[in-house]
Amino acid sequence: FFDPMGLWLELVLRVRLLHRKLCSVASSPDAVVHDVALLTELVALYRALSTVPRVPRYLSGPFFITVDASKEIIAVVVCDKLGTRLFARAQVIPSARLSWTIVRQELTAILIGIEVGTFLSNLGVELRYMCTDSLINLSRCTANKFRTKGLPAWEILNIHKAREGLVKLGLSLHHIPGRFNPADGPTRARVIELGPDLMKDQLQFFEDLLRQPHRPLQFWCTSDITAENAEGPEDVEMALLSAATADDGDPSPTIPNVPEGFSNGLLARIRSQQHDDPLCENI
């Protein structure tokens, strides 16, 4: 398949960001824009679009899913060990979510990466690795035990969702340095040309990853969801919500089945307390 929207994702994102800026200063499509900075940016975008470079048409695996996030953009890039892009997707973060922490944005990137991985797997693309430069989310999603002390409800549910998605795809999750993360450029809406040294480091990173025994993640079972203190560095220092099984009433018929270790009563409470969070509406 051929993915032109992904191959030139940075330019597509520049268009979307510029459109958002123009909408903030123009009252109607017919309004005249006098902002010199915006007009200069528009001209630069036109020149960039007119000089798009050629890209390789055929690639051979193995392929890696890389994810990243900034304050404005969430991106997923699937590439080979040379960093050559096969497929990419990104989201311009809605204004209502711009106040989210970068950790939450990075977790959202992992979830989108799982969606991309599912799509490509259904097309026959073999994927075994996902890479993120977020050490916090790496620790939370790969911990031997799932501890939720101090985490908001959104993180609790979506860390579990991320773990479940990684397991279903047979993926292992790894840390990639941000300086040569292939998904870094799209989150900045600009093409980043790596120098020779960084290209060498990137290739070495992916080759080292391929030499390691592949250890896909496993599902958390009930005993792995615990309120005990962390036993070692592989565990995240979190604790299970004490109210997880406290609700003895009948679950609401509108709430679907939930992952093992969570009660419908807990999810009903989460929904009632996070009604203003658009990502919790479908819990």
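Things to note:
- Test: Arg89 is assigned to a strand (DSSP E or B), at negative phi, touching a residue at least 12 places away in the same chain (Cβ under 8 Å) and surrounded by 11 or more Cβ atoms within 10 Å (Cβ to Cβ): yes
- Meets criteria (within 25 Å of Ile93 (Cβ to Cβ), assigned to a helix (DSSP H, G or I), outside the structural domain of Leu42 (by the TED database) and aliphatic (A, V, I, L, M)) for Ile159: yes
- Counting only residues that are over 28 Å from Val78 (Cβ atoms), in contact (Cβ under 8 Å) with a residue 12 or more places away in the chain and either in the same structural domain as Thr84 (by the TED database) or surrounded by fewer than 13 Cβ atoms within 10 Å (Cβ to Cβ) (or both), region 1-53 holds 1 of them.
- Checking each residue of region 89-103 against the condition of being in the same structural domain as Asn158 (by the TED database) and touching a Ser or Thr at 6+ places or on another chain (Cβ under 6 Å) gives no match.
- Some residue of region 104-116 being in contact (Cβ under 8 Å) with a residue 12 or more places away in the chain, part of a loop (DSSP other than H, G, I, E, B) and of a type in the set (D, E, K, R): no
- Considering region 113-124, the residues that are closer than 10 Å to Ile65 by Cβ and among the hydrophobic types (A, V, I, L, M, F, W, C) include one that is surrounded by the most Cβ atoms within 10 Å (Cβ to Cβ), namely Ile114.
- Filter result for Leu198 (assigned by the TED database to the domain that holds Asp80, at pLDDT 90 or above, surrounded by 13 or more Cβ atoms within 10 Å (Cβ to Cβ) and touching a Leu at 6+ places or on another chain (Cβ under 7 Å)): no
- Hits in region 172-191 - residues which are surrounded by fewer than 16 Cβ atoms within 10 Å (Cβ to Cβ) and either among the acidic types (Asp, Glu) or not in a helix (DSSP H, G or I) (or both): Pro177, Arg190, Val191
The values are calculated or read from the model by the stated rules, or taken from the named source; none is laboratory data. This is a predicted model, so every value here is computed, not measured. Ideal geometry is used to build each Cβ from the backbone, glycine not excepted, and the neighbour counts take in all protein chains shown.
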